[in-house]
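The values are calculated or read from the model by the stated rules, or taken from the named source; none is laboratory data. The model shown is predicted, which means the values in this text are computed figures rather than measured ones. Cβ placement follows ideal geometry from the backbone for every residue including glycine, while neighbour counts extend to all protein chains displayed.
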Amino acid sequence: MRMLLKPLLLLLSIAVASDAVQAADSAQATRQDSATYEEVAALLARDANLRNEIDNATATIRSETDLKNYLQATPIARTPLGKLSQSAQRQFLASVTFNENGLTGFDYRALSNELSASEVYQVLRLFGMQRVTALIPDLRIETPMDETIMQHVSPQACPPRGPKVRGDEVGPQVLCGSDHDNYKCESTGSCKYYNGYICTSNC
């Protein structure tokens, strides 16, 4: 009898533990289900903003001086910019603008006319602005990586369109977008419509 008692007690304790785990999982699921769309969007936006700040702060090029030093120190053919034709290089580099926060804008047409999505991503990563790759229209999709970048790398990692909030449909730009395609940084805090440019959140 004693020989049987220990296995029975062990089975009983396992069953109790399993029930406790299931109950905890159920409670957690209930808490998750109760989270509102606005709360989820706010958390995603906060997380994305933090990542964007890190990308921007650790960028290789954050000023005209950085750009000049980078191009002097590294043959352009060995940089992501080397995949552009010389005319496209000149067009892009002439368009980039900076302030004390970093890159404020650029002409994306020089990139989109010649590069795939992942190649554009590599160029913009130099400036800590890889997140705006998905804002650029008509980028070539040649590899699974290109497709992943365009589908999952968004300006602010915004959630997809979801339930209505206060009677209005909430779109990504309303909740957390702060980089704008077809706008140009004219002055601090001022993005004005300009076809072919991107005005970044640094403006």
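For beta carbons closer than 9 Å, sequence separation of 6+ or different chains, a first residue in the stretch 72-89 that is under 16 Å from residue 107 (Cα atoms) and a second that is of a type in the set (Phe, Trp, Tyr) and not in a helix (DSSP H, G or I), there are no qualifying pairs.
For the stretch 69-129, the helices (runs of 4 or more DSSP H) that sit wholly inside it and include 2 or more residues that are among the polar types (S, T, N, Q) are 86-95, 117-125. Would you point out the residue of the stretch 98-115, among those that are among the small types (Gly, Ala, Ser), out of contact with any Gly (no Cβ under 7 Å at 6 or more places or on another chain) and surrounded by 20 or more Cβ atoms within 10 Å (Cβ to Cβ), that is farthest from residue 82 (Cα to Cα)? Among those that are among the small types (Gly, Ala, Ser), out of contact with any Gly (no Cβ under 7 Å at 6 or more places or on another chain) and surrounded by 20 or more Cβ atoms within 10 Å (Cβ to Cβ), it is 105. Whether a residue is surrounded by 14 or more Cβ atoms within 10 Å (Cβ to Cβ) and more than 21 Å from residue 119 (Cα to Cα) was assessed, and residue 92 does not pass this test.
If you go through the stretch 142-161 one residue at a time, do you hit one that is at pLDDT 85 or above and at positive phi? Looking for residues that are at pLDDT 85 or above and at positive phi, one finds none in the stretch 142-161, hence no. Filter the stretch 162-203 for residues that are at pLDDT below 85 and in a strand (DSSP E or B) and give the result. Hits for the stretch 162-203 are 164, 165, 168, 169.
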